[in-house]
Amino acid sequence: METNDKKGIRRRDVIKGAIGAGGIAAGLSTASNLLFPALAQGERLIPFTDDASEAFSWRPIEPNTTHWQDTREITSFFTGNEEFYLVQHYGQPEIDNDSYRLKVTGMVDNELELSLNDLQAGDVIEQQVGFECGGNSQRLLYGLIGNANWRGTTLSSILSRAGIKEGAKEIVFFAEDVSTEEIRGREVEKAFARSLSIDDAMRSENMLAFEMNGEPLPHYHGKPVRLLVPGWYGVANVKWLKQIHVQDTRYMGRFMGRDYVTLKRTNVGGIERWVENSVTTMNLKSAIVRVIESGGEYRIQGFVLNDGTPLESVEVKIDDGPWQKAQLNPRNTKYSWKLFQYDWANPESGPHTIVSRVTDVNGNVQPTNQQLPEKVSFWEDFGQFPRQVVI
Ligand SMILES: Nc1nc2c(c(=O)[nH]1)N[C@H]1C(S)=C(S)[C@@H](COP(=O)(O)O)O[C@H]1N2
Ligand SMILES: [Mo]
């Protein structure tokens, strides 16, 4: 038996179960079927008739390109390594496993240089983590998304081994991929990098992942090692990780200070202001991804992503009807995506608008698009996503 602790972390000494379990095909009448199965015989995908679906296009997976999922086609709890969305701003560098060394530098008692073997011999955990790009959008049917089972060493164990010096404030994660950036007319070479405060970095769930769904990390997902910050938007999960640097000043690189920066109008202590924030923890979001029919029975399925706060409910609304509770998949864990479904009894034939919303135990409710703060940037698109279908 595999067991998860409260955080959904599976320790190495626990017997490993099968991962990436595919769906078990079963008819809609099987009430216990809470997985997202591949369509079983006789099941039919009801096409969405909204503009978003009509405008949607999917691109084949090609080297160095961004790739997203067709969320209507999600068929398993874990996303295959090939299907899992891809974003990289500076291409996909190849790193040789044998000569790979992760450097830990700066305000530490012991600077470290760790091989892949060193990392694999450390404090290893397995964890289910789903995430999305901070730039995910309804235009892509929220396809910049994925959920996987990751294996790696805890970041806190590496930082403890290095020993963080008094006065240190921030930890910068530099990657191998580099690009030239023009800043004020000057071309400079810069590596992809993100940073975390010491407190954020020391969370026990942060990991340096070297396996994804039971396979060595594929090169396009950051081989050999990437940072994973569960509950945060994808941009925090630095791929092709080369150096961890501890410093006493804030790191203001492109992906902290200029890109992945949300500019919104919000209330700051009673005063309306336009303010920027770096994209960090995932906002509470749900979305319907598909409607299926079998033998005249209809089922609505969707996903939730958030920062790991337990959920109170996911609800579905049909046309002007009341919000009705959806069922959450019992396989969901703290940082996985959370799949849900709603059995739609006796829908009337004709066009319908269907929408979902999620509420967490702290009382946060997923807003409508109209309730979202006014934004200039497109980052952090988490409003309710109404969909249209014709029954
Ligand atoms: N080294 C590096 N890491 C990176 C990026 C990058 O461009 N370079 N992109 C980030 C962004 S914006 C996202 S959304 C995630 C995507 O991870 P994935 O491609 O494995 O899904 O990687 C993050 N890590
Ligand atoms: Mo991203």
Fill in the blank from the handout: How many residues of the range 193-214 are within 17 Å of residue 251 (Cβ to Cβ), open to solvent by 10 Å² or more (accessible area, probe 1.4 Å) and in contact with a strand residue (DSSP E or B) (Cβ under 9 Å, 6 or more places away or on another chain)? The answer is 4
Fill in the blank from the handout: residue 287 fails exactly one of (1) closer than 21 Å to residue 146 by Cα; (2) in a strand (DSSP E or B); (3) within 14 Å of ligand 1 (Cβ to nearest atom); (4) not β-branched (Val, Ile, Thr), namely (3)
Handout entry: Which listed residue, of 321, 308, 302, is at positive phi and among the small types (Gly, Ala, Ser)
Key = 308
Handout entry: Residue check, residue 181 at pLDDT below 95 and among the charged types (D, E, K, R)
Key = yes
Problem - Scope the range 65-97; condition part of a loop (DSSP other than H, G, I, E, B), away from ligand 2 (no atom under 16 Å from the Cβ) and either open to solvent by 40 Å² or more (accessible area, probe 1.4 Å) or touching a Cys at 6+ places or on another chain (Cβ under 8 Å) (or both); matching residues - result: 75, 82, 83, 94, 96, 97
Fill in the blank from the handout: When residue 317 is run through (1) part of a strand (DSSP E or B); (2) over 16 Å from residue 387 (Cα atoms); (3) in contact with a Phe, Trp or Tyr (Cβ under 6 Å, 6 or more places away or on another chain), the failure sits at (2)
Exercise for the section: From 76, 57, 137, grab the single residue that is within 13 Å of ligand 1 (Cβ to nearest atom), closer than 30 Å to residue 300 by Cα and modelled with pLDDT under 95. Expected result: 137
Problem - Selected residue [within 13 Å of ligand 1 (Cβ to nearest atom) and open to solvent by 30 Å² or more (accessible area, probe 1.4 Å)] from 239, 190, 169 - result: 190
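The values are calculated or read from the model by the stated rules, or taken from the named source; none is laboratory data. None of these values were measured; they are calculated from a predicted model. In this analysis, Cβ positions are derived from the backbone assuming ideal geometry, glycine residues included, and neighbour counts consider all displayed protein chains. Surface accessibility is based on the protein's heavy atoms, side chains included, excluding ligands, DNA and RNA. Shrake-Rupley method; radii C 1.70, N 1.55, O 1.52, S 1.80 Å.
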